[in-house]
Amino acid sequence: MKLYHYIIGGLLAASMTAGVTSCSSDFLDEDLTTKYSTDYFDTEEGLEALTVSLYGNIRWHFGYEWAYGITLYGTDEFTSGNDLTSDAWNEYDSRFGPVVQGTNRNCPQPQALWDEVYYGIASCNTIIAKANIIKDEKVRNRCLAHAYFLRGYNYYRLTAQYGGVVLQLTPTSGVVRNFQRATEEQCWEQVISDLRQAYELFPGEDFTYGKGITWTKATAAHFLAKALLFRASERCDAFNSSTKEADLREAINACNYAIGARQLAPNYSNLYADWNGVDCATEQLDEILMAAGFNNSSSTIGRFGNRTYNYFCPQFSNFSNGWVRRGYWIGDMDFQRCRPTEYTYSAYDHVNDARLWKTFKTVFGVNNIADKGASGVELGDPGIIMILNKKDDHTYDNYKFGANKQEPTFKDDAGRLPEWKVGERQTPTSGNLTSKPGQWIPNSSVLYQNGVYVAPTFMTPGYKYSNFFAGINKTADGTRQAEKGDSFRDVIMARLGETYLIRAECYVRLGDYASAKKDIDVIRARAQWKSGENRSYYVDGSQAFEKNALNTGSAATNYINSNLWMNTYYLSNPDQPVTTEASNLTNWSWEKLPAEDEAILSKLGVTDQKQRAIQFILNERTRELIGEWQRWETLSRTKSLVPRAKAFNTEAAPNIQDRHNYRPIPQSFIDGLKNEDGSDLSDEQKKAWQNPGY
């Protein structure tokens, strides 16, 4: 669909369903459908219903391949797994342009985001234009706050991706096909203006539609700070000299409100790993500032249901012998879209940073054995393990690894064998994966052998890229009603952990390094191992299936055998003694950053103090926010996309250029434009609409 389809009347949003939350029965009971005429939006009831429907506009972001294609691909954190559906977005080759020549029809096109956010903007324009018909001031301000917020958020997404876009701020009538493109400077001014309006209009932390879902003053504060920081960052240096300092100070003040109004979750695992079912307490955490609401209601599934569980998992069901069979009892489908890069694994302190082990799934249990033969493998034994060792570890230099072996994995020339404890579930405070010597693990991998990054070499024969890697668990959902059914999890779009890092970056840009370190250390202190934590314990959203009504008979057996509550911490850190002591991540200085960060900055060739600090924060964003749907825009904002992709993304490196800091304007939109006299645009006029280089 082209842009003018969405903004000709501004009222096509009547077809948007409103039942989107997983937090409030009243909210779920809303049912806005196409049965209403546009006259309905001339009533107070109609405008309130349209306001509620705005929450539906954000669910779209997570219903298809664009969820990762336009946000995570082509960056330093993720590259393609062997499924190449959206690899044009990762490789920036000749297929990537105003029309993307995808590997298959599922590849996202540039107009996907463009069309959908203008759809939401049209609804917002209607609310803003007609709000005065609402007599109750509290209700009127709530509707306006929501409309200004979503319009600001949607223009934020457009401007971050495309630069200057069409600023349509009032409802239109009739078919309009002649538009002016605003400059990027004008667009950021509008984004900031809308988010300021929302920030002023929201009364505070009033969870009208349910905690964890409702947009509040803290939500607006967070995105206002993000927009101000974007305008103060390197991509906007051509026009931000007069506003930069004021923007940074205003952003800090906005962050101050959000941080003062909300609280961080006590443990990093609370946010994602501890999710244990539909509408669970994890989705109500105070830290969550914005989420796309999903659950098992018919209003949140279907065409744009949550499909994010498909994208981060290795292709485990295709490994040798098929001993780990996929099914809804495993919280992810193994679509192997997003494969972490060497940078991603290396950014963590593998010993002391619990986020690595609470985010990456490194063990799958055997749930299917046709013929165990002489291997001695039993149902419930570890069937797939990923050892996340460091470059200077030589424990496994002579071991044989891979997914298609015919011999036991763990045996080197010295006869050393790692040890497993099988048959005893790990708990948060007991179990250490250290007793049954000599067990054959059918499928296993490491990151390094002989100081060489060998992880990409583990793949099914005939594949282009590796399908064997440790994926992240932030989308795992074991409550699905079918193997390929929609996920019932909410998708977090903003949280307080990021707010701290936004404020820290603002402080750095103002030269206040002491305040920046304090904010960063709040995040790093939470990331430390807590006293009493078992470092080999692992949990994720797959465990939610334990409470799923479908978990009976053979499904129960598959659940128990598949979901082993363990990780490879001690195999990955072979020199570490078993311990439950707390760790420390705050012992660093700006002059001497953590060793993993110094190595990354050295590869990037960064020596300037401010840039060292900004790049360190980008590393911290990886550790804290990996896979949270925003890496491309963050790197584009700081003009770090090209150097980091060249340094750390092998597939993107050959083709990425400066023009890729902006996305191509969709050809479908440009082709639909007309001159004022109704004539088609000339080739030269069309070229003028397009971003340089496309």
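The values are calculated or read from the model by the stated rules, or taken from the named source; none is laboratory data. Being a predicted model, the structure only gives us computed values, none of them experimental. Every residue, glycine among them, receives a Cβ derived from its backbone with ideal geometry; neighbour counts consider all protein chains shown. Only protein heavy atoms, including side chains, enter the accessible area calculation; ligands, DNA and RNA are left aside. Shrake-Rupley method; radii C 1.70, N 1.55, O 1.52, S 1.80 Å.
Here are a few things to note about the model shown:
- Selection status of Arg157, within 22 Å of Val491 (Cα to Cα), part of a helix (DSSP H, G or I), open to solvent by 10 Å² or more (accessible area, probe 1.4 Å) and modelled with pLDDT of 95 or more: yes
- Residue match in region 118-130 (condition: at pLDDT below 95 and polar (S, T, N, Q)): no
- Hey, Ala258 open to solvent by less than 10 Å² (accessible area, probe 1.4 Å) and assigned to a helix (DSSP H, G or I) or not: yes
- In region 463-480, the residues that are closer than 22 Å to Asn551 by Cβ form Cβ pairs under 6 Å with partners that are open to solvent by 10 Å² or more (accessible area, probe 1.4 Å) and of a type in the set (A, V, I, L, M), at six or more places apart or across chains, as follows: Thr479/Val278.
- If the condition is being under 28 Å from Leu673 (Cα atoms) and open to solvent by 20 Å² or more (accessible area, probe 1.4 Å), then region 131-154 contributes only Tyr148.
- Matching residues, region 92-134, being outside any loop (DSSP other than H, G, I, E, B) and of a type in the set (Val, Ile, Thr): Val117, Ile121, Thr126, Ile127, Ile128, Ile133
- Within region 641-672, being out of contact with any Ser or Thr (no Cβ under 7 Å at 6 or more places or on another chain) and surrounded by fewer than 19 Cβ atoms within 10 Å (Cβ to Cβ) holds for Pro643, Lys646, Ala647, Ala653, Pro654, Asn655, Gln657, Asp658, Arg659, Ser668, Asp671, Gly672.
- In the set (1) closer than 27 Å to Arg231 by Cα; (2) hydroxyl-bearing (Ser, Thr, Tyr); (3) surrounded by fewer than 19 Cβ atoms within 10 Å (Cβ to Cβ), the condition left unmet by Thr172 is number (1).
- From the options Asp93, Asp42, residue that is open to solvent by 30 Å² or more (accessible area, probe 1.4 Å) and more than 22 Å from Asn661 (Cβ to Cβ): Asp42
- With respect to (1) in a helix (DSSP H, G or I); (2) at pLDDT below 95, the lone exception for Leu248 is condition (2).
- Here Ser531, Ser515, Ser466 are screened, and the one residue that is of a type in the set (S, T, N, Q), modelled with pLDDT of 95 or more and within 30 Å of Gln611 (Cα to Cα) is Ser515.
- Given (1) among the β-branched types (Val, Ile, Thr); (2) outside any helix (DSSP H, G or I); (3) within 30 Å of Arg59 (Cβ to Cβ), number of the condition Thr552 does not satisfy: (3)
- Residue satisfying all of: in region 341-367; in contact with a Pro (Cβ under 8 Å, 6 or more places away or on another chain) and part of a loop (DSSP other than H, G, I, E, B); nearest to Val454 (Cα to Cα) among these: Asp349
- Hits in region 175-192 - residues which are open to solvent by 10 Å² or more (accessible area, probe 1.4 Å) and modelled with pLDDT of 95 or more: Arg181, Ala182, Thr183, Glu184, Glu185, Gln186, Glu189, Gln190
- Enumeration of residues in region 160-169 that are in contact (Cβ under 8 Å) with a residue 60 or more places away in the chain and out of contact with any Ser or Thr (no Cβ under 9 Å at 6 or more places or on another chain): Tyr162, Val166, Gln168
- Members of region 211-237 that are out of contact with any Leu (no Cβ under 6 Å at 6 or more places or on another chain), more than 28 Å from Gln284 (Cα to Cα), assigned to a loop (DSSP other than H, G, I, E, B) and not polar (S, T, N, Q): Asp237
- Residue check for Tyr73: among the aromatic types (Phe, Trp, Tyr), open to solvent by less than 10 Å² (accessible area, probe 1.4 Å), touching a residue at least 12 places away in the same chain (Cβ under 8 Å) and not in a helix (DSSP H, G or I): yes
- Neighbours by Cβ (under 7 Å, 6+ apart or cross-chain): first from region 207-219, closer than 18 Å to Ala254 by Cβ; second acidic (Asp, Glu): Thr216/Glu205; Thr216/Asp206; Lys217/Glu205; Ala218/Glu205
- The residues of region 283-315 that are part of a loop (DSSP other than H, G, I, E, B) and open to solvent by 10 Å² or more (accessible area, probe 1.4 Å), listed by number, are Leu285, Asp286, Asn296, Ser297, Ile301, Gly302, Arg303, Phe304, Arg307, Gln315.
- Pairs where the first residue, in region 229-245, is in contact (Cβ under 8 Å) with a residue 12 or more places away in the chain and the second is assigned to a helix (DSSP H, G or I) and among the aliphatic types (A, V, I, L, M), C-beta under 8 Å, 6+ apart: Leu229/Leu248; Leu229/Ala251; Leu229/Ile502; Phe230/Ala160; Arg231/Ile192; Ala232/Leu248; Ala232/Ala251
- Residue among Glu598, Glu633, Glu624 that is more than 17 Å from Tyr345 (Cα to Cα), among the acidic types (Asp, Glu), in a helix (DSSP H, G or I) and open to solvent by less than 60 Å² (accessible area, probe 1.4 Å): Glu633
- Some residue of region 569-592 being within 30 Å of Trp329 (Cβ to Cβ), touching a residue at least 60 places away in the same chain (Cβ under 8 Å), touching a Phe, Trp or Tyr at 6+ places or on another chain (Cβ under 7 Å) and not β-branched (Val, Ile, Thr): yes
- Within region 504-520, being among the charged types (D, E, K, R) and either out of contact with any helix residue (DSSP H, G or I) (no Cβ under 8 Å at 6 or more places or on another chain) or open to solvent by 30 Å² or more (accessible area, probe 1.4 Å) (or both) holds for Arg509, Asp512, Lys517, Lys518.
- Some residue of region 528-545 being part of a helix (DSSP H, G or I), open to solvent by 10 Å² or more (accessible area, probe 1.4 Å) and under 25 Å from Thr475 (Cβ atoms): yes
- Boolean, Tyr162 is surrounded by 19 or more Cβ atoms within 10 Å (Cβ to Cβ), modelled with pLDDT under 95 and of a type in the set (Ser, Thr, Tyr): no
- The residue pairs whose first member lies in region 532-555 and is more than 18 Å from Met333 (Cβ to Cβ), whose second member is at pLDDT below 85 and of a type in the set (Gly, Ala, Ser), and whose beta carbons are closer than 8 Å, counting only pairs six or more residues apart or on different chains, are Asn534/Ser430; Asn534/Gly431; Ser536/Gly431; Tyr537/Gly431.
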